[in-house]
Amino acid sequence: MIQRIAVVGAGSFGSALASVFATNGHEVTLLARRDSLIQEINQHHTNKQYLPGVSLHPAIFATSDEKHIANADLIVLVVPSHAMRETCERIAPLLQSKSKVKVAHATKGLEVGTMARMSTVILDSCPFLQEQNLAVLSGPSHAEEVSRELPTTLVVASASKSTAEYIQDMLMNRVLRVYTNPDVVGAELGGALKNIIALGCGISDGLGYGDNARAAIMTRGLVEISRLGIRLGAAFNTFSGLTGVGDLIVTCTSRHSRNWNAGYLLGQGFSLDDALQKVGMVVEGVRTTKVALAVANEVAVPMPIASAIGDILFNQKSPRLAVDELMSRTRTHEMEPFIQDATTGWMFP
Ligand SMILES: NC(=O)c1ccc[n+]([C@@H]2O[C@H](COP(=O)([O-])OP(=O)(O)OC[C@H]3O[C@@H](n4cnc5c(N)ncnc54)[C@H](O)[C@@H]3O)[C@@H](O)[C@H]2O)c1
Ligand SMILES: O=P(O)(O)OC[C@H](O)CO
């Protein structure tokens, strides 16, 4: 059945998702802020700043008039994490009489200050919404490829199977395969925390270190983010799925990745401000590093790689020194949790 979908945020991923929904025959309104972009999307079906060389589906209707949100069957929020609360607070009055509307978000970050996941921010600012109607879109899905209809997989996570399946049904097509998952916490944390590790891989590549170093950062980085995620309530299996290792692989190895590119520039010697300016799109990993380190400290989860990245980002530590320090940490076992063997002294998983 044709559904009315309002996509909020006309950056690279909002535009790509709007195009998928429109390709699948749904009625799509794309909420953008700049008049020039609205005209460009409606007249030329492009978004050259964020998706150069891509043709968006011509049926997408772009507007800045948020009243359109009130008529939607599904609202998809694709704004950066730092804009999620103000966006939700602004649209809340439009939704108050529509407590049953379905809301999904595709934002991969954590809120600075509250340390909250995005679904918590949405429910905090729109308390009349029902958790059962909320979903998270995540997984390895660079906008540059989704918008060119290159084969991609996504996960829609929701506490409600029927909400997840409703959105799965609207998104799936011959080039987009969508899985459902009940683990909202895991999907949100996997998507947000992998950005920290992608910054680290970019830094290592920017320093001129090789494939061995990148593989080490990805693997040990996955251990760290899973450890924190599980401590915060995520399911272990989610970190070995598309929203965990899948998204980690794509973000740590792709030339499209905003986080990897920002890290690469830092490794090459650019300042954080210059690196962010050069990337020109949202680099969620920077704020997420700050939040993750604060949370990890609170729950006593060790995150040596993330800490080193935090020192490079916020304490002007030289990337080369940070790598040297990581390499010379006290020797340890690979697997955990460990059980001490009284006879041999070895620890076994
Ligand atoms: N780009 C991708 O491939 C991709 C894929 C999956 C998920 N995501 C996630 O989607 C979210 C958006 O990323 P993106 O890559 O589309 O970003 P982007 O940098 O391409 O675009 C950001 C958009 O947000 C808008 N924006 C910025 N500040 C805002 C504010 N204060 N209020 C309202 N809107 C604001 C900008 O105008 C722009 O339209 C991020 O959390 C990102 O992690 C991105
Ligand atoms: O380009 P990045 O690094 O922001 O990553 C985008 C998506 O999270 C990839 O799935």
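Tally the residues that are part of a loop (DSSP other than H, G, I, E, B) and under 23 Å from His142 (Cα atoms), restricting the search to region 54-79.
Keep residues of region 54-79 that are part of a loop (DSSP other than H, G, I, E, B), which gives 54-60, 64-65, 72-73, 78-79.
Add one more test, that the residue is under 23 Å from His142 (Cα atoms), and what stays is 54-60, 78-79.
So the count comes out to 9.
For region 38-56, give me each residue that is surrounded by fewer than 19 Cβ atoms within 10 Å (Cβ to Cβ) and away from ligand 1 (no atom under 13 Å from the Cβ).
Gln39, Asn42, Gln43, His44, His45, Thr46, Gly53, Ser55
Let me confirm something: among Ala216, Ala187, which residue is within 16 Å of ligand 1 (Cβ to nearest atom), in contact with a helix residue (DSSP H, G or I) (Cβ under 9 Å, 6 or more places away or on another chain) and small (Gly, Ala, Ser)? Show your work before the answer.
Working: Ala216 fails: within 16 Å of ligand 1 (Cβ to nearest atom).
Answer to the selection: Ala187.
For region 111-141: of the residues being of a type in the set (Ser, Thr, Tyr) and near ligand 1 (Cβ under 10 Å from one of its atoms), which is surrounded by the fewest Cβ atoms within 10 Å (Cβ to Cβ)?
The initial filter retains those residues of region 111-141 that are of a type in the set (Ser, Thr, Tyr), namely 114, 119-120, 125, 138, 141.
Going one step further and asking which of them are near ligand 1 (Cβ under 10 Å from one of its atoms), we end up with 138, 141.
Details: Ser138: 31, Ser141: 24.
Per the criteria, the residue is Ser141.
What pairs come up if the first residue lies in region 250-273 and is within 15 Å of Asn195 (Cα to Cα), the second is aromatic (Phe, Trp, Tyr) and within 10 Å of ligand 2 (Cβ to nearest atom), and their beta carbons are under 7 Å apart, counting only those six or more places apart or on different chains?
Matching pairs, first to second residue: Thr251/Trp260; Cys252/Trp260; Ser254/Trp260.
Which condition number in (1) more than 11 Å from ligand 2 (Cβ to nearest atom); (2) part of a helix (DSSP H, G or I); (3) not hydroxyl-bearing (Ser, Thr, Tyr) is the one that Asp247 fails?
(1)
List the helices (runs of 4 or more DSSP H) that sit entirely inside region 254-299 and contain at least 3 residues that are more than 16 Å from ligand 1 (Cβ to nearest atom), surrounded by fewer than 23 Cβ atoms within 10 Å (Cβ to Cβ) and modelled with pLDDT of 95 or more. Quick ask: steps written out before the conclusion?
Working: elements: 258-267, 272-279, 284-298.
By residue number, 272-279, 284-298.
Given the conditions (1) among the basic types (Lys, Arg); (2) touching a Gly at 6+ places or on another chain (Cβ under 7 Å); (3) surrounded by fewer than 21 Cβ atoms within 10 Å (Cβ to Cβ), report the number of the one that Lys108 does not fulfil.
The number of the failed condition is (3).
What are the pairs, 6+ residues apart or on separate chains, where a residue within region 2-29 that is within 24 Å of Glu89 (Cα to Cα) has its Cβ under 8 Å from a residue that is polar (S, T, N, Q) and part of a strand (DSSP E or B)?
Arg4/Thr29; Ile5/Thr29; Ala6/Thr29; Val7/Thr29; Thr29/Thr63
To keep it simple, each residue is scored yes or no on (1) in the same structural domain as Thr253 (by TED's automatic domain parsing); (2) closer than 26 Å to Glu224 by Cα; (3) touching a residue at least 24 places away in the same chain (Cβ under 8 Å); (4) more than 12 Å from ligand 1 (Cβ to nearest atom).
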{"residue": "Ala143", "(1), (2), (3), (4)": "no, no, yes, no"}
{"residue": "Ile167", "(1), (2), (3), (4)": "no, no, yes, yes"}
{"residue": "Arg177", "(1), (2), (3), (4)": "no, no, yes, yes"}
{"residue": "Gly202", "(1), (2), (3), (4)": "yes, yes, yes, yes"}
{"residue": "Asp205", "(1), (2), (3), (4)": "yes, yes, yes, yes"}
{"residue": "Asp211", "(1), (2), (3), (4)": "yes, yes, no, yes"}
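What single numbered condition from (1) surrounded by fewer than 17 Cβ atoms within 10 Å (Cβ to Cβ); (2) in contact (Cβ under 8 Å) with a residue 60 or more places away in the chain; (3) not in a helix (DSSP H, G or I); (4) not polar (S, T, N, Q) fails to hold for His82?
(3)
The values are calculated or read from the model by the stated rules, or taken from the named source; none is laboratory data. Note that the structure is a prediction, hence the values are computed from the model and not measured. Quick reminder, even Gly has a Cβ in these numbers, built from the backbone with ideal geometry, and neighbours come from all protein chains shown.
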